[in-house]
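Q: Here's a structure for you.
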Amino acid sequence: MLKVIFPILLLSTSVLMFFTFINPHYQKIKTEQVELADYNEALDNSKIILGQKNDLLATVNEIPQEQKDKLEKLLPSNIDNIRLIIEINNIAKRYGIVLRAIEFGSTPGSGDKKTDSSQAGQKGAAPSTTGGNNEYGTVTLGFTTVASYKTCVSFLKEIETSLRLVEIKSVLFDAPASSQDKDLYTFRIELSTFWLK
């Protein structure tokens with residue numbers, strides 16, 4: 001009888017141990033092995049991304065400083081209103097043009113707050129984000145000048161082809177008030193420039 005009871009008792013103890021101790025631990029180990037595989041995959045991906053980052057940094061470091069300076073001027077990381085006025089004023093001087101009534105605003109014709117040239121020394125005076133894009137902002141510069149039509153067209157072409165990224169938004173002009181200055185028009189020019197955030 002003992003020969004029959006002992007194997008049955010041993011078998012039932014084994015089954016009970018399997019369901020109460022071995023199987024829960026085995027399932028836990030299987031779950032942890034899956035998590036370990038996920039972590040190893042994430043680690044491999046991070047190594048790939050780190051390698052790509054290092055490749056990109058090496059590429060950036062190969063760019064000559066002169067080219068980096070040109071890129072910074074094309075699309076600066078901040079908007080320096082004084083530097084912008086100086087750059088445009090230097091172009092205007094080449095054509096004998098004097099800038100007057102300089103104003104900064106966030107977007108043309110939006111009715112947003114305008115900043116006159118006395119407040120223009122602040123970096124980023126009245127910048128705004130264009131549309132829903134959070135990668136760059138815009139600032140609008142408006143000014144008045146008196147020049148001949150031909151001179152103003154040449155001036156605007158040089159502004160548009162200068163190194164800084166500029167978009168001419170509007171050009172308004174008034175006819176000369178007297179016949180003495182029949183070739184001189186009063187121009188109101190509004191342009192936008194961009195900066196990286």
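The values are calculated or read from the model by the stated rules, or taken from the named source; none is laboratory data. Keep in mind the model is a prediction, meaning the values are calculated, not measured. Neighbour counts are summed over all protein chains in view; Cβ atoms, including those assigned to glycine, are modelled from backbone coordinates with ideal geometry.
Q: Name the single residue that is modelled with the highest pLDDT among those in region 154-190 being within 14 Å of Arg94 (Cβ to Cβ) and exposed (fewer than 12 other Cβ atoms within 10 Å of the Cβ).
A: Lys157
Q: Something else now. In this structure, is Ile79 under 17 Å from Leu191 (Cβ atoms) and part of a loop (DSSP other than H, G, I, E, B)?
A: The answer is yes for Ile79.
Q: When you go through Ile91, Ile22 one by one, which is the residue that is assigned by TED's automatic domain parsing to the domain that holds Ser162 and either more than 30 Å from Phe194 (Cβ to Cβ) or hydrophobic (A, V, I, L, M, F, W, C) (or both)?
A: Ile91
Q: Of all residues in region 144-153, which are loosely packed, with under 13 Cβ neighbours inside 10 Å and under 26 Å from Asp80 (Cβ atoms)?
A: none
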